[in-house]
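This report refers to the structure that appears directly beneath it.
The values are calculated or read from the model by the stated rules, or taken from the named source; none is laboratory data. Note that the structure is predicted; figures quoted are calculated from it, not measured. With ideal geometry, Cβ positions are generated from the backbone for all residues, glycine too; neighbour counts draw on all protein chains shown. For accessibility, only protein heavy atoms count, side chains too; no ligands or nucleic acids. Shrake-Rupley method; radii C 1.70, N 1.55, O 1.52, S 1.80 Å.
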Amino acid sequence: MASSRAARPGFRQRHGGTIEYILIPAGALVGALALFGVFVALFGKNPLDLYFYMYQGAFGTWFSWQNTLTKAAPLILTALCTALPAQLGMVIIGGEGALLMGALSATSAALLLQAAPPLVVQIGMVLAGVAGGGLWISLAGGLRHYRGVNETISSLLLVYIALAILNQLVEGVMRDPASLNKPSSREIGAANMIGSIPGTDVHWGFVFGLIAAIASYVLIYHTVFGFAARVAGGNVRAAKLVGLSVGRLIMITCFLAGGAAGLAGMVEVAAVQGRTNANLAAGYGFTGILVAFLARHNPLAIIPVAILLGGISASGGLLQRRLGLPDASVFVLQGMIFVFVLASDALYGRIGFLKGKS
Amino acid sequence: MAAGDIGYWTVPLAVLGGAIRISTPFLFVSLGECITERSGRINLGLEGTLVMGAMSAYGISYLTGSPWLGVLAAGVTGALLGALHAGICSLPRVNDVAVGIALMLFGTGLAFYLGKPLIEPTAARLPAIDFGFWSDIPQVRQALQINALFLIGVALAPVLYWAFKTTRWGLLIRTAGESADAARAMGYSVNLIRLRATMCGGFLAGVGGSFLSLFYPGSWNEGLSSGQGVTAVALVIFARWDPMLCLWASLAFGGAAALGPALQSVGVTAGYHLFNAAPYILTLVIMIITCSPKRTLTGAPAELSITR
């Protein structure tokens, strides 16, 4: 980083790093948008129309803003699933699996507590969702620490295992006999849904996401636990030398990470779907990985990035209707953004005017 | 009971047939990834390559009527994606695991985008060689309908084993994987070696994808591959970067994946979806057994980021 090199830091030295962290991802984003424009132009669509409808569909009206924030909610939570373990130097990409397990356990909790008052059911769903997702990612963390199994691959395998468990349960013991074509669990009941923020169509899940992101930020940057985690992420040997229990750090961090994604699953059940079925595997977990990387694993930066990418997802419907683009075009754009952002890592510390004299 | 006169013998037969049928994509992806990882780089994006390969093979086969042109197109698509991966990874400070994840998302997204018009039409399929002609039992005949790609893959494994061991290229790839400095000292460009190795890996993964759309299950749709590419990447780890072990592991995986449908065909339907997860569970279990936090895996290329 530029700031560490200077003896007497001037403005550039003090803020060059921060500016870099905003400028380079923003540049990557613009590059990806430009390339996507070229891509759709090859298919005979007008790229300017594309940008216009994307803006319209994401942030153009109050309606689309609400849509965007609704989509951003699970993205904030699943991004935390990648960002928290990243502090320890772990690459977890199984947020989708934790989301499914969280949804499954939240639904189970709701169905078991059916007789209780709604508030009790909702609290039960939150706890079950966090526990379900948390245990799922702890599994990957534990395998990494105690068995040396690579957490990237194991967490991804766990996604497919979670989907199989979900399919098994909604076709078996949890199945609602009324669901004919698409096997689903029984509904959790309208009274138990968590509803919207008053005056909007944005559900409370967005607030859950904000709270989780801010809490994660405080945890990482303003507590001893977070400091220890960052030390262990920087150098495991040094962490062990000063007596940190790396295993405990990994297990707790992975539990919190998975818990966040599990909460996303709970929100999708309790605020959107009302039940569990394979519709829940909508790719939020995978987009969350992109959000975490774009935000450079900073929980506060995750909030605006999730809103931005939530906007891109929300605009997909409009692009489909107005431009006749396939629904997968959002994934193509996300992929391009991801590739650009990672390639732009090479630029840090190399942009001349940010470096100053040293 | 659907099995007819051979009763529960259907199950091992179907598992055997499934092992041969389903293992082919695992085999190609893992052999390709073996080449890439031996050169010291990991490509997690092969899931995306597999799906792109399936899509482009189906498209080209539909347009030209020749499935083998489709296979070639899938390979070329895979090699291009491999080149993209290698190109980005050769930039300073870029993490190859993360780029792989990005290309996994990009590849699947692009395949779904470009493949949208291909869901309806029917393309020419790859032919199967009938090795079961001697039998009167339909289940045996069906199990021994073997595709030529499987045979190519089976032949490729010992060839790769030999090539790694004895050829100049094999030695260069291993040198780049064991010590980039040593390769540089010999006057070779590590990035160039890895570029070629990643392109070879992508080519094979693309070919593996063409098998999915052109033979089994044999059509293009978005649920075509769910994690088979990733499973194959994991498979390389416990195959100890050895092409021959990749072959046996792929067969075991194919068999595991065939277990659910085989049991269903004799009327055992309980836990059907859990059996579908069998290859992933198997991978995880084998990784748990073979990995250890105390030592690096035997046979692991020293430059490989994922095992260090």
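Values computed for the structure shown
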{"quantity": "Extreme residue, positive dipole direction of the stretch B:114-188, given options B:Pro127, B:Leu172, B:Leu151 (C-beta unit charges)", "calculated": "B:Leu172"}
{"quantity": "Whole-Å distance, taken between Cα centres, linking the stretch B:30-101 and the stretch A:27-45", "calculated": "22 Å"}
{"quantity": "Charged-residue dipole, Cβ positions (Lys, Arg, Asp, Glu), the protein assembly as shown about Cα centre, Debye nearest 20", "calculated": "2160 debye"}
{"quantity": "0 to 90° range, to nearest 10: angle between helix B:190-214 axis and chain B longest Cα axis", "calculated": "10 degrees"}
{"quantity": "Accessible area buried at the A-B interface, both sides summed, 1.4 Å probe (Å², nearest 100)", "calculated": "3800 Å²"}
{"quantity": "Excluding exposed DSSP-loop chymotrypsin sites (Phe, Trp or Tyr not before Pro) (at most 10 other C-beta within 10 Å), longest clean stretch of chain B", "calculated": "B:135-308"}
{"quantity": "Length-normalised contact order of the stretch A:65-122 in % [C-alpha pairs under 8 Å, at least 6 apart]", "calculated": "20 percent"}
{"quantity": "Surface accessible to a 1.4 Å probe, B:Leu80 within the full protein complex, Å²", "calculated": "120 Å²"}
{"quantity": "Under 13 Å, Cβ to Cβ, from B:Ala143 - net charge with Lys/Arg +1 and Asp/Glu -1", "calculated": "+1"}
{"quantity": "Proportion of all alpha-carbon pairs of the protein assembly as shown beyond 42 Å (%)", "calculated": "25 percent"}
{"quantity": "Interface residues, the stretch B:65-99 - accessible area loss of 40 Å² or more versus chain alone, probe 1.4 Å", "calculated": "B:Ile88, B:Pro92, B:Arg93, B:Ala98"}
{"quantity": "Share of carbon and sulfur in the accessible heavy-atom surface of the protein assembly as shown [1.4 Å probe, %]", "calculated": "66 percent"}
{"quantity": "Gyration tensor (alpha-carbon) shape descriptor, the stretch A:204-268, a/c threshold 1.5", "calculated": "prolate"}
{"quantity": "Equivalent ellipsoid semi-axes, the stretch B:28-89, via Cα gyration tensor eigenvalues times 5, rooted, Å", "calculated": "24, 11, 9"}
{"quantity": "Label-point gap, in nm, between B:Gln142 and A:Phe52 - each point 7 angstrom along Cα→Cβ", "calculated": "5.6 nm"}
{"quantity": "Accessible solvent surface per residue of the protein assembly as shown, calculated while the other protein chains remain in place, 1.4 angstrom probe, Å²", "calculated": "40 Å²"}
{"quantity": "Shape category assigned to the stretch B:28-172 from the gyration tensor of Cα positions, a/c cut at 1.5", "calculated": "oblate"}
{"quantity": "Chain A, helix-only ellipticity at 222 nm - DSSP H runs n ≥ 4, -39,500 (n - 2.57), divided by all residues, nearest 500", "calculated": "-23500 deg cm²/dmol"}
{"quantity": "Threshold 40 Å², the stretch A:152-190 residues less accessible with all protein chains present than alone (1.4 Å probe)", "calculated": "A:Ile153, A:Leu156, A:Leu157, A:Tyr160, A:Ile161, A:Ala164, A:Gln168"}
{"quantity": "For the stretch A:279-321: rounded, prolate or oblate by the Cα gyration tensor [a/c cutoff 1.5]", "calculated": "oblate"}
{"quantity": "Relative contact order of chain B, pairs being alpha-carbon contacts under 8 Å that are 6 or more residues apart, as %", "calculated": "37 percent"}
{"quantity": "For chain B, calculated [θ]222 nm from helices alone, where every DSSP H run of n ≥ 4 adds -39500 (n - 2.57)", "calculated": "-22500 deg cm²/dmol"}
{"quantity": "Gained length - B:Ala270 relative to B:Leu69, 0.36 nm times residue gap less alpha-carbon distance", "calculated": "68.2 nm"}
